[in-house]
Structure formats: structure tokens, C-alpha cells
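The values are calculated or read from the model by the stated rules, or taken from the named source; none is laboratory data. Note that the structure is predicted; figures quoted are calculated from it, not measured. Glycine gets a Cβ as well: all are built from the backbone with ideal geometry, and neighbour counts include every protein chain shown.
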Amino acid sequence: MLMLTYLDSSSAAVFSLKRIELYFDITQKRSEVMVERNYKGLRAYTDIYYNGTGILNGYWEIDGLIIERVSRLVPPGGKVTLVTPGVPDLPTFAPGYHIVKFVVTHPVTSFEVPEMVYWVKGTEEPSRQVLTLIQPSSGMTIPPDFLFRWKAMDKASVYLISFASTKDKKICFSALTRDTSYRIPPSVLADYLCSSGKYYWSVKGFDKKSNVIAGSGFQSFYLKQATKP
């Protein structure tokens, strides 16, 4: 999430980032996708919103490995879209989940870098269990610092918690954790769940081979904005 500043005749605004949005499908803008092993043509996109203008430096990262470095002068306008290279494609030879990030090194960001996940199907898919969400209960109104909790699943080594917007249940933020609870960081609240109202959340569990073994489906909650002092 990136941001650009505008120039006028007297002064220039500081080049700074507002937010970064990641997605796979240029039309549907999905933040999660599943593909067959050795699938060709998988690419990731990022919309970066910014203030001002300047040199944007960063890199695409897959599972902790840098696949492409980016250095670009972004003009006034407030938004730029970047895409992963066509050669090579995003790797799809290893079954399991894979984490995609676009990490900005300049200008310095004050918010948490978002990430998204794609799954490569294995030769044998384990049966998927129902994962039980504990709190908040469906339709509950919660404060910004609420602790989301769910039931631990046997053989689950990591969990993916996702949050979706009200209208279309499009994923707006996801995070991986080894715990059975998650508290939304203030920077994420400010950039992705910035207004009070209805949202949805869900959790998936993965085994040590990165297979999805459990899923909860979506459950609604209402976010109560913090009162300003």
C-alpha cells in the first residue's frame, strides 16, 4: 500500500506510503488461490497507494526468498500497480502453501507489510476437518483490541486467519500464526479495517506438509471504532 505526494509551485510533499494491496487475479483480485502442481502463468499483483512522488525501492518475496528487486520512479497520482515477473513464474513445483509479499525498502513504511497465500495441490489431499471458531461469536460487536480465538486442531502446525469486507467477502487481510489466537495489529486496523461496521473472519489449519487439514468458513462480527481521546 503505497502513497504519492503532489508538487505545487512552492513546495513538494513528502513521498510516503499509505497502503499496499496484494492479489492474484487482475479481474477478481483474489488474495488466495489454489493451483495444480507445475501450473504455468501464476502471477501476483500489488496496488501501492502513496503521497507525493519519488523512487520506490522494494522486492517480491516468495517463502522468504527474493525473486525480483524493483526500483521505480513513481509520478504524482497516488497509485501504482506492480506485477511479478513473467519469467520465471511463481514457483508451483512444491505442494503446499506459499507466502507472497512485496516488501518496500524505500520509503520507510510504518505499517505491517501484507502477505497472501497460494496453494499448490499435492498428489494426495488429506480429508479436511471442521475448525471451530471460539470468539467472537457470530454477529458480536468487538473493540479494536479484541483477541480472536479458535479451537486447536490435531496435526495442525500453522493457522491462517483471514478477514473479509462486508459486501463481497473479499479477503482484505490474512496472517499466519502458530497460536490459536490472534489480535489485529493497530497498523492493520488503520489500513484494512478502517471503518466501523460488519466484517467476516475465518481460519484454516495446515499440517507440517503444508496441506489444508481444517477450515472454519466465514463468521461475521461488528467492529467498534476506538474512541478518540
If you go through the range 189-201 one residue at a time, do you hit one that is exposed (fewer than 13 other Cβ atoms within 10 Å of the Cβ) and assigned to a strand (DSSP E or B)? yes
Find the residue count for the range 21-53, including only residues that are closer than 17 Å to G96 by Cα, among the acidic types (D, E) and surrounded by 14 or more Cβ atoms within 10 Å (Cβ to Cβ). 1
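When you scan the range 49-152 for strands (runs of 3 or more DSSP E) that lie fully inside it, which ones turn up with 1 or more residues that are under 18 Å from the mean Cα position of the chain (by Cα)? Quick ask: steps written out before the conclusion?
Working: elements: 54-62, 65-74, 79-83, 96-106, 115-120, 133-135, 140-142, 147-150.
Passing ranges, in order: 54-62, 65-74, 79-83, 96-106, 115-120, 147-150.
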Only unsatisfied item for M116, checking (1) in contact with a helix residue (DSSP H, G or I) (Cβ under 9 Å, 6 or more places away or on another chain); (2) surrounded by 11 or more Cβ atoms within 10 Å (Cβ to Cβ), is (1)
Which condition number does L56 fail, the rest of (1) modelled with pLDDT of 90 or more; (2) surrounded by fewer than 16 Cβ atoms within 10 Å (Cβ to Cβ); (3) over 30 Å from V35 (Cα atoms) being met? (2)
